[in-house]
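Novice: Take this structure, written in structure tokens, and hold onto it; I'll ask about it next.
Rule-based calculations on the coordinates, nothing more; no lab input. Since the model is a prediction, treat every value here as computed from it, not as a measurement. Reconstructed Cβ throughout: ideal geometry from the backbone, glycine too, with neighbour counts over all protein chains shown.
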Amino acid sequence: MIKGIHMKKQINQLLPTLLVMILILALTVTTYHISFKQEEESCYNRLENASNAIIQSIQNRMQDDLNYLRLIGKDFSNEDHLPTYAEYTSRLSTFEDVSLFERVDLSMQNNTMYTMHKDVQPIQSNDFLTLNADTEYMDLVHTDPLTNKKSVNYYVPIQQNNSVVAYLVGVIQCDTLDEQFYTQIYSGKTQNLIIDTTDGQVVMNNQDILDYDTFSTNGCKLLSPKKDVVKQIHALKSGVVKFEKDGIKKYLCYKPIEVFNWELIVIVDEDVAFASALTLKKNYMLMVVCEVVILLLYCGFYITKVRRISNKSNEFEKDLNVSQTLIQCVRKLSNGTNQKGAIEDILKTICEFYQAERCYVLDLNFENKQTNGIYEYGNRNDDIHIDNMVRLCLENMDLVQRFFENQKSYYIEDVTSEISKTSPIYSSFISQKIHSIILVPFVDNHQIKGVFAVDNPKQNYYQKDFLESLCFFIETAMTREKEKKHLQNLSYVDSLTYAQNRNHFNEYIEKNRCKELHFVGVIYLDLNGLKEINDKMGHLAGDTLIISASYVLQEIFADNLYRIGGDEFVVIEQDVLESEFMSKYNKLLVRMKELEISVATGYIWKERCLNLSEILQEADQKMYEDKKRYYSIAQNDRRRR
């Protein structure tokens, strides 16, 4: 006993320190989670701000240069003649050096084009004939015939006498745009692209880290969020996604530039954009690992110490006493989600405690003379005749009530001497080889609701208080099990029509997904005009229509009916002959017509069904075709009126 007290003292000394260490660990994890989320959000914001800075640079540069190009075009439009090559070079030579345009050509109506590309001066060109536009516009990415490099052109028309006589053509060379727009961020460790969403071509690409075509053809593995990034980009949307390429995690930020149909894409490695968050994560993880190791070492030390004390305890201290057994049983009932299994496990513990041949719990319904549940455990080699005990209690209800009239538990040490041989209880006990028994009633509002019995106990048989205390917890567990079953049944029933609901329908489909079914009939039924009834007469009238239709369906098909939507029902019947199924179907149509309920239906019957989902889909399609015909006829009737 002294050693037991000492062991308990050691455990009590361990608990406060252990709780403090667990609390510190929990606070560390919580702090890490909050800090990491904040730092991660900050990294996201920095990435978006950097992208916005690039966009602002692009917008400003484009706006300044395009405005100047328009100003030159306006000056040329105010002249009464086409500009000469000298006038052209005078106005544009300086502008080309400071603008984002590689050069500015002048394409004229007389098929002459002025250009300052190297030594080329006026050349013959028929580009003017192909333009045919009187407003400014940016064309798509193409190969410049003078430089053989990818370019995009911006066209500014020059009008004289209300007609276009020439075009100023600003040629933007794609491979120099990154320098023109000053798009370097994150110390130049990003790949910046501009995509023309009109045709998906790349206008600017500062590095060859990732090919846009590779990304658009699923060459990368999206990690989060899961969405069609290319589709988002071509729709000029904004967003940030995480993906993996060649084992390297990266982030892709995409935003519309609001210049033409261009979209900016910024790609950066995770260890660059989220360097601070990753460092924070590593530091906190190291801290948590250290704390867990310290906690485990501390617990291991004390566990070893407690085991050493426990191993020195004598056999007397190992014997199971009443309090320990009760706590053990209550713990099983409290912690177990499977109440039935927990009760059966407790009965095994009780049998061992009493060294009994068997023990059992009878949950009885005396009003209906039936059992709500039976739980038993036995160590005897012969069969446990539990049915005899159930029959004894249900057939002799008054006798059982009198037996427990004081609501006390009983220990009958010798059946032959303590029970009258004329009593049915005596004959039942003898037939089951019960020589001694402990009986404890389950009582609710002074009514016997069940019996807890232990047959032929060999030790601790005077510990009736133990069973009386345990009865409360077992009764609570049985009540929870019954409530659980009741709630499960409610989850399968539609509250309006009391037909089986979509939950039960889905479970039925899943249960029979891979099974081969025979003689299967399926009906899809949808109420016509329910919305009009709800709108004109109110939802009460609509609910009445649904209930009436459900009543007819349940009357004909009983429990094979499911309400899977507001106005949609499904019937699934197995092992039904086609003639019988069609008879029921025709009866359904007649009853609906009698009640003036308009329905759209689709049905199918199969002698052999390998895929239930397929015939459900086929019946559903037929129902929609029937509904389409109904609304087509209804629309034609309204037109005639």
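Novice: Just order 448-454, 44-50 by mean Cβ neighbour count inside 10 Å, highest at the front, would you?
Specialist: 448-454, 44-50
Novice: To continue, here is another question. Given LYS593/LYS627; LYS536/LYS593; LYS37/LYS221; LYS226/LYS250, which pairs have Cα atoms separated by over 20 Å?
Specialist: Going by Cα-Cα distance, LYS536/LYS593; LYS37/LYS221 fall outside the 20 Å limit.
Novice: Another question, then. Whole-Hz ³J(HN,Hα) for each residue in the range 62-79, computed from phi via Karplus 6.51 cos²θ - 1.76 cosθ + 1.60 with θ = phi - 60°, x for glycine and proline: what do you get?
Specialist: Working through the residues one at a time gives 5, 5, 5, 6, 5, 5, 5, 5, 5, 4, 5, x, 5, 4, 5, 5, 7, 6 Hz.
Novice: Hey, another quick one. Using only alpha-carbon positions, what ratio does the radius of gyration of the range 539-584 give when scaled by 2.2 N^0.38 Å?
Specialist: Ratio of Rg to 2.2 N^0.38 Å for the range 539-584: 1.29.
Novice: At 7 Å along Cα-to-Cβ for each site, give me the label-to-label distance between GLU555 and GLN232 in nm.
Specialist: Inter-label distance under the simple model: 5.6 nm.
Novice: How would you rank 53-63, 161-171, highest first, on the average number of other Cβ atoms within 10 Å across their residues?
Specialist: In descending order of packing, they fall as 161-171, 53-63.
Novice: Expected output is a single nm value to one decimal: the length gained when fully extending between SER632 and ASN506, i.e. 0.36 nm times separation in residues minus the C-alpha distance. What is it?
Specialist: Length difference between fully extended and current span is 42.2 nm.
Novice: So, one more: Output the direction-averaged projected area (hull surface divided by four) of the convex hull of the alpha-carbon atoms of the range 502-639, in nm².
Specialist: Seen from a random direction, the Cα hull of the range 502-639 projects 8.5 nm² on average.
Novice: Using amide H atoms built in the peptide plane, which far-off residues or other-chain residues are under 5 Å from ARG103 H to H?
Specialist: Hits under the 5 Å cutoff: VAL171.
Novice: Okay, next question. Highest mean first, how do 430-438, 279-287, 518-526, 345-353 rank when packing is the count of other Cβ atoms within 10 Å averaged over residues?
Specialist: The packing order, highest mean first, is 518-526, 345-353, 430-438, 279-287.
Novice: What nm distance separates the two modelled labels at THR31 and MET537, each placed 7 Å from Cα along Cα→Cβ?
Specialist: According to this spin-label approximation, the distance is 6.8 nm.
Novice: Using only alpha carbon pairs under 8 Å that are at least six residues apart, calculate the relative contact order of the range 502-639 and give it in whole percent.
Specialist: Taking the mean separation of contacting Cα pairs over the length of the range 502-639, I get 39 percent.
Novice: Could I ask something else about it? Suppose we take every Cα in the range 34-111 and form the convex hull; what volume per residue is that in Å³?
Specialist: 112 Å³
Novice: Right, something else. Would you kindly state how much longer the chain becomes between ASN60 and VAL293 on full extension, computed as 0.36 nm times their sequence separation minus their alpha carbon distance, in nm to one decimal?
Specialist: 78.2 nm
Novice: If you don't mind, another one. At what distance in nm do the modelled label points of ASN445 and GLU578 sit from each other, each positioned 7 Å from its Cα along Cα→Cβ?
Specialist: 5.6 nm
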